[in-house]
Every structure is written in structure tokens, then in C-alpha cells.
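Below is one structure, written out as C-alpha cells, with a few remarks after it.
The values are calculated or read from the model by the stated rules, or taken from the named source; none is laboratory data. Being a predicted model, the structure only gives us computed values, none of them experimental. Virtual Cβ from ideal backbone geometry, glycine too; neighbours counted across all protein chains shown.
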Amino acid sequence: MSRAPQTRTLAAVTGALVLAGSLTACGSGSAASDDKVVTVYSADGLRGENGDGWYDQVFKDFEKKTGIKVKYVEGGSGEMVQRAVREKSNTQADVLITLPPFIQQADDKGLLQSYEPEGSEEVDGSAKGAGGKWTAVVNNYFGFIHNKKELPGGKAPKTWEDLTEDTYKNKVQYSTPGVAGDGTAVLIKAMHDFGGTKPAMAYLKKLQSNNVGPSASTGKLAPKVDKGELLAANGDVQMNYAQSKDMPNLRIWFPAKEGGKPTTFALPYAAGLVTKAPHNANAKKFLDHLLSREAQAQVSSVGGGFAARKDVKATDADAIALDRIIEGVEVFEPDWTDISENLTSYVEDWKSATGS
């Protein structure tokens, strides 16, 4: 998921996110460490378009509880990591939140320091980094969407191959691999479903004749699908489920290879404490809050996602609906080490195959 990065801050009374001023640049040992602020660099998807997302709520609750304001910078997962890398000599972010494999890349690049937030012992081991470098704060799954008004019932796509039919000419779009987390997920799922890099790239080359072209923003694809400008696009369950409340024509689905089963994989929002965070103590309090029972209990009802803590069992209507969405879908576990190490090569293969 990716949008042009914007710096935002939480207004104390309304909880609305407004444009923030320039970020101060100082080391973790500076006087600014005591400032009542925390700067968060995050992949998009958890902030509501109308100020009603999970981030909107937890930022408001966090400020009310601690008096610490949140300065918020949003973009694609890869985009946020690249920005943090550029700022290594002048660190500005306190907390980094991205989708895999970018959180692993952030760790590999020395961007994260060890910190195990309160409640992280309740997060599944596969959703935490070695040495306490990062932990999932919202669980999520990769998926696609289609316009259920234009493609009802029997017309709805079921397979990857369906998307190459004439019906979808100039009506398919997916976000940019290597930049957006969900765009990278397209490659991961295709390589899994088609059984390797070469057959996956051969398919994506064929799909290119129907593809509008890469998009810098996954989040901006859903409105196009809802309006019928696109018939199908990539996304993820959390973001698209939240969007569907205001976009009635969206339907989440999971492509299968022809003759196979629909598949997906976990794509959690993972958070880590940034190395030399200017507001180190505040960042730790913020990470503790994200994994608090209070915040985790709001993940499904407010954010449209799945709680990261195993001991938080949501039973609200949204949680039930979310479980139904992934019912019967085969969940596989990607080799994140391989993907993190070879992502550049996979993206180059995709560029060669599609001419992007």
C-alpha cells in the first residue's frame, strides 16, 4: 500500500490528523527525548479516510492517556524504509510500521533496535522478529477486490487466468512491486501459486495486456473498483474491508491458479523501535499502547483487521465477518528470508517481464 508521504499530527480535541510542521532532528540522547511527541513512519491502510480508522482511534487514546502527540508520516512500505535509510545520519522517525518483507529489510539495514513491547509475549512467534526487533500489531491477509455490481455471481473472477480475459481489458490494476507492500505481495502470491519465478513472470507478462499499469497507491485502487473504472485490483483484507463500508460495490476475493484452490498469506502490520529514535522513551510507550488489550480489542471493530494478540478474542460483528472472508482459503507461509534477500532480483524480473 502506498501513497505520497504526508507528515501529520494529532489534534488534541478532535483527534483529526492535520498537517504537521517540520520534524526536529536530534539523537536519542538529546533534550528533545523529553518532548511530548512521537514520530511514526507507517505504511498506509490503518488510518481512516474520514478520521474513523484504527490509527485515528489509537492515536487519540494514546494522547489522552499520556499527553504525547503523534506526528504521522505515511507512504508505501518500501517508501518508508527508503526514507528512514536516507535519514540514518539524521534520524527523525521513532517508530517504523511496515508490511513484510520490508520490516525484515529495515532490520537488515540496521534501522531497528531491540524492544519487546508489553503484551508482545501474546503475539505468535512467526509474527515477531529475532531479538525483539519488531512485532506485528495488526494481523492481516493479502487479497484482491472486484466490482460486485459489474461482476455479480457467476461473472465474478475466481482464478488468475480469469483476469486475462477480454472482459478485463484495461480494467485491471495492481500496485507497484518493490514500493508497495501489497504490490510486492502480488509477486509473492503469483510465485507460490504458479510454482516458481519463471511461470509467475510469464503469467504477469500475459496479464500486462489487460493491466492499466503500476500504481504507486494500493489504497487508491479501491475507489476506482467501486466506481467501475476498474473491475479488479489488488489489496488486502483489512484495508478493503474497512473501505467496503463506504464503497458498497467492493468484494474481496482470492485468486486461485486454474484447477487449484484460492490462497492467501498473512501480511501483518509490523512495528519496530527505530535505532537512535529521537524520542526513545515515548516510542516505547507508543508501542506498548499499540499492543495493549484496549487497542487490540479495537482492531476488528474499528480497523477491519485481526488482533495481533492471541489472548484478544474479538466477537463483534466485524470479527465474525472477517473470519468468513478467509474461510476455506488456503493460507501459506512465505519464505520471508528468501524474499527479503532476493526482493531486488524478483522486482527486476517483474520489470523485465512486464516492461514496467
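Tell me which residues, restricted to the range 192-241, are at pLDDT 95 or above and either outside the structural domain of Leu151 (by TED's automatic domain parsing) or acidic (Asp, Glu) (or both).
Of everything in the range 192-241, those that are at pLDDT 95 or above and either outside the structural domain of Leu151 (by TED's automatic domain parsing) or acidic (Asp, Glu) (or both) turn out to be Asp193, Asp226, Glu229.
On the basis of being more than 17 Å from the chain's Cα centre (by Cα), in contact (Cβ under 8 Å) with a residue 40 or more places away in the chain and buried (at least 23 other Cβ atoms within 10 Å of the Cβ), does Ala93 make the cut?
When the stated conditions are applied, Ala93 passes them.
Would you please name the residue that is nearest to Trp160 (Cα to Cα), looking only at residues in the range 231-263 that are buried (at least 17 other Cβ atoms within 10 Å of the Cβ) and basic (Lys, Arg)?
Looking at residues that are buried (at least 17 other Cβ atoms within 10 Å of the Cβ) and basic (Lys, Arg), I get Lys257.
Let me spell it out: the conditions are (1) crowded, with 19+ Cβ neighbours inside 10 Å; (2) part of a loop (DSSP other than H, G, I, E, B), and Thr315 meets all of them except one. Which number is the exception?
(1)
The rows are residues; the columns are (1) under 21 Å from the mean Cα position of the chain (by Cα); (2) outside the structural domain of Gln57 (by TED's automatic domain parsing); (3) β-branched (Val, Ile, Thr).
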position: Met247; (1), (2), (3): yes, yes, no
position: Leu291; (1), (2), (3): yes, no, no
position: Glu294; (1), (2), (3): no, no, no
position: Ile339; (1), (2), (3): yes, yes, yes
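Looking at (1) crowded, with 16+ Cβ neighbours inside 10 Å; (2) within 21 Å of the chain's Cα centre (by Cα); (3) not charged (D, E, K, R), which is the only condition Ala130 fails?
So Ala130 meets the others, but not (1).
Report yes if some residue within the range 112-124 is surrounded by fewer than 21 Cβ atoms within 10 Å (Cβ to Cβ), modelled with pLDDT under 95, within 19 Å of the chain's Cα centre (by Cα) and farther than 28 Å from Lys36 by Cα; otherwise report no.
Yes, the range 112-124 contains at least one residue that is surrounded by fewer than 21 Cβ atoms within 10 Å (Cβ to Cβ), modelled with pLDDT under 95, within 19 Å of the chain's Cα centre (by Cα) and farther than 28 Å from Lys36 by Cα.
Please tell me if Lys169 is at pLDDT 95 or above and either buried (at least 22 other Cβ atoms within 10 Å of the Cβ) or farther than 22 Å from Glu258 by Cβ (or both).
no
Can you list the helices (runs of 4 or more DSSP H) found entirely within the range 152-239 that contain at least 2 residues being of a type in the set (Val, Ile, Thr)?
181-194
Among Glu87, Glu116, Glu122, Glu63, which is the only one that is in contact with an Asp or Glu (Cβ under 6 Å, 6 or more places away or on another chain) and of a type outside the set (Ser, Thr, Tyr)?
Glu122
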